[in-house]
1. Roughly what angle does helix 172-185 make with the longest principal axis of the chain, taking Cα atoms, 0 to 90 degrees, to the nearest 10?
2. How much area per residue is accessible in the chain when the probe is 1.4 Å and only protein heavy atoms are counted (Å²)?
3. Report the chymotrypsin sites (Phe, Trp or Tyr not before Pro) located in segment 1-83 that are in a DSSP loop and have at most 13 other Cβ atoms inside 10 Å of their Cβ, or state none.
4. So how tilted is helix 50-62 from the main axis of the chain? Cα-based, degrees 0 to 90, rounded to 10.
5. Against the longest principal axis of the chain, how steep is helix 142-155, in degrees 0 to 90 to the nearest 10, with axes from Cα atoms?
6. May I ask you to give the percent of accessible area on the chain that is carbon plus sulfur, with a probe radius of 1.4 Å?
7. Only Cα pairs within less than 10 Å get springs; with that Gaussian network setup on the chain, which residue of 202, 128, 81 has the largest fluctuation?
8. What translational diffusion coefficient, to the nearest whole µm²/s, does segment 67-173 have by Stokes-Einstein, given a Kirkwood radius computed over alpha-carbon pairs, a temperature of 25 °C and 0.890 mPa s viscosity?
Amino acid sequence: MPSPLPLIDSFNRVHDNLRISVTDRCNIRCFYCMPDEPIQFTEREEILTFEEIEHFVRVAASLGVNKLRITGGEPLVRRDLPELIEKLVSIPGIKDVALTTNAVLLKQHAQALYDAGLRRLNIHLDTLDRERFKQITRRDELPRVLAGIDEAVRVGFEKIKLNVVAVKNLIEPDIVPMAVYCRERGFEPRFIEFMPLDSQSLWDRRKVLLADEIREMLTSAIGPMVAVPDSDPRAPATDFAYSDGGGRVGFIASVSKPFCLNCNRIRLTSDGKLRYCLFAIEETDVKGLLRSGAPDSEIADTLRRNIAGKWIGHEINSSKFIPPPRPMYAIGG
Ligand code: SF4
């Protein structure tokens with residue numbers, strides 16, 4: 001039987017990268033993502049079960065999806081997450097599974113995640129300064145985060161990247177210390193331009209520390225770096241390598257250098273909605289199909305239709321921009 005056509009949108013972009021949010025809950029409160037309290041989280045019964053996620057991924061894999069990223073909220077607050085990882089890494093066609101975490105609970109779970117077959121970790125950490133960590137996250141959890149990172153290294157994780165959200169007039173003092181911390185440990189820092197996804201509409205273009213500004217800071221403090229030819233031009237980060245061989249740095253310049261024309265990403269929210277873009281306004285429900293016993297062909301058609309209707313990209317830089325109604329913590333990175 002001929003293999004089904006891949007997921008191609010009207011701009012000829014092939015979609016093979018699925019980001020799965022397994023919860024909208026989190027154990028810290030980054031001001032550029034979540035309000036402090038109270039927060040109305042999704043009811044447990046409305047959250048997809050591991051079996052439903054696995055079912056959806058099997059269908060998506062049959063349409064060419066081969067890369068998965070597990071996100072949240074904070075995915076490690078979801079109980080028994082290694083069980084889901086174990087299911088997903090064994091699905092035919094899935095070649096790569098990664099996790100994005102804030103590492104507060106990583107010390108407890110690193111071994112089980114590694115044993116379940118996870119090999120790639122992105123750790124969201126903006127600062128190594130305890131006071132600024134508290135200021136950004138409204139929680140005093142930096143010691144646990146650093147212990148979690150050390151434990152991840154101890155159990156064998158080699159591909160560790162640190163995601164740093166670059167808010168201007170806040171994290172400038174952290175840029176170089178974070179880069180040095182990563183150089184010393186063989187990690188790759190990825191500096192992410194602040195995007196208008198926060199639930200309190202704090203975003204303002206003047207608060208965006210641009211990728212080029214960060215690269216200049218690192219070049220003058222640490223040394224020259226050269227652009228690394230894109231191993232995957234569809235990956236969001238533009239990679240640079242230090243000329244002295246001291247490692248790599250990634251820049252995700254979503255605001256100043258949008259990369260939507262190469263986008264290959266689809267998102268599944270924890271309550272079973274498909275989003276063809278981080279900034280999508282409309283969503284497509286698949287939970288109803290998964291819970292009503294709909295045939296896989298119907299789930300596949302729904303996924304295809306969602307991608308067929310995908311826009312060319314976000315409009316952050318145009319007056320037409322409308323912030324997505326769903327906040328970042330309920331979308332996942
Ligand atoms: S903003 Fe949307 S279209 Fe652009 S790269 Fe991100 S997910 Fe893709």
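The values are calculated or read from the model by the stated rules, or taken from the named source; none is laboratory data. Everything numeric in this text was worked out from a predicted model, so none of it was measured. No Cβ is skipped: glycine too gets one built from the backbone with ideal geometry, and neighbour counts run over all protein chains shown. These area figures cover heavy atoms from the full protein model, side chains too; ligands, DNA and RNA do not enter into them. Shrake-Rupley method; radii C 1.70, N 1.55, O 1.52, S 1.80 Å.
1. Between the helix axis and the principal axis of the chain, the angle is about 80 degrees.
2. 44 Å²
3. Taking segment 1-83 and a limit of 13 other Cβ atoms within 10 Å, the loop chymotrypsin sites (Phe, Trp or Tyr not before Pro) found are 11.
4. With rounding to tens, the tilt is 80 degrees.
5. Roughly 70 degrees, rounded to the nearest 10.
6. Carbon plus sulfur share of accessible area: 53 percent.
7. Ranking 202, 128, 81 by mean-square fluctuation puts 202 first.
8. 170 µm²/s
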